[in-house]
Structures are given as C-alpha cells and as structure tokens.
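So the structure is just underneath, and the comments pick up after that.
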Amino acid sequence: MISITKLRRTCLRVLIETVDILIDRFGARLTLGELKAVLVTHLALSTHERITLTDVADASGQPKQSISRWLRRAPHVYLADNPDDARSKILKARDMEAMVAYLDQVIEARMAGMIERRDSVRAIIDGQITLTPAGAETSHEPKGNKA
C-alpha cells in the first residue's frame, strides 16, 4: 500500500514536470512561474530539504524579486537566514501541517477539475455532447434504433 506522503510527493513531481512542459511551450509567464515556485518550494519543504530563494528562482525561471514578492503573500512559507551562507536566505514552513493541508486541498481541487474535463472529453468523443460554434454544449439522446 502506498503512503499518503509518497503519493503527495509523486503528485508534486508530476505537477512540476507538467509545469515544465507548459513553461517550455508558452514561456515563463508569471502565473506559470509562480505555480512552479510554489510546487518546488512545497516539495522541498515536505521532504525536509533545504531550499534557498535562488534555488526556487532558478527552478521556476522567475527572478528572485518575484519570488520574494510571492513569499510576502505566502501564508505557509517564510524566508530565514541561511546558517551556511550569510548572503543567502532559505525558505521555511511556518506550520508544516497547515502547509500540507493546503497543498492537499489544491491537489484535490486540481484532480476534481481534471476528472471533470476528462469526463467532458469522453462525452464529446462518445457523441453525447456536441460543441456548437459558440461553444455551447448540446446533449444528444443515445444513438439507437428508432421504434
């Protein structure tokens, strides 16, 4: 049986890889870069790895100033002095349990959205829904012999 911690880490790694693909395709726009910064930070903190502001900036493709702005708004993460290098800062969790609970909510919401989109795509493929030019959906009765 897989543990919830291992599942969470696996999900985070998959999300980080997905964000890499999106950034490669569309560029490191702020929203995608911020998303990756969040994922990289949470993954490192949940595995008890030490991660610096520079590490997050490099991994997300965002400038350090953008990451610093994000950290000012982040409820579960803060910057602390790096004991190994006085010139750099490390990221720390304010409350690991709260951070993990928040992350679980985000993952659950994303998964629900992905399942809903998958089901919509299946319905379109199966011919149960037709998209009109305006984007409105039209439901069809199942195809079969008419009596």
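Values as computed for the structure displayed
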item: Spatially proximal aspartates and glutamates relative to LYS89 (Cα-Cα < 13 Å; intrachain offsets below 8 disregarded); result: ASP55, ASP81
item: Cα-based reach from LYS6 at 20 Å (exclusive), listing aspartates and glutamates while leaving out same-chain residues under 8 positions away; result: GLU17, GLU49, ASP95, GLU97, ASP104, GLU108
item: Loop sites in segment 64-111: trypsin sites (Lys or Arg not before Pro), DSSP, at most 11 other Cβ within 10 Å; result: ARG87, ARG94
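No lab work stands behind these numbers, since they all come straight from the coordinates. What you are looking at is a predicted structure, and each value in this text was computed from that prediction instead of being measured. Neighbour counts run over all protein chains shown; Cβ positions are idealised from the backbone, glycine included.
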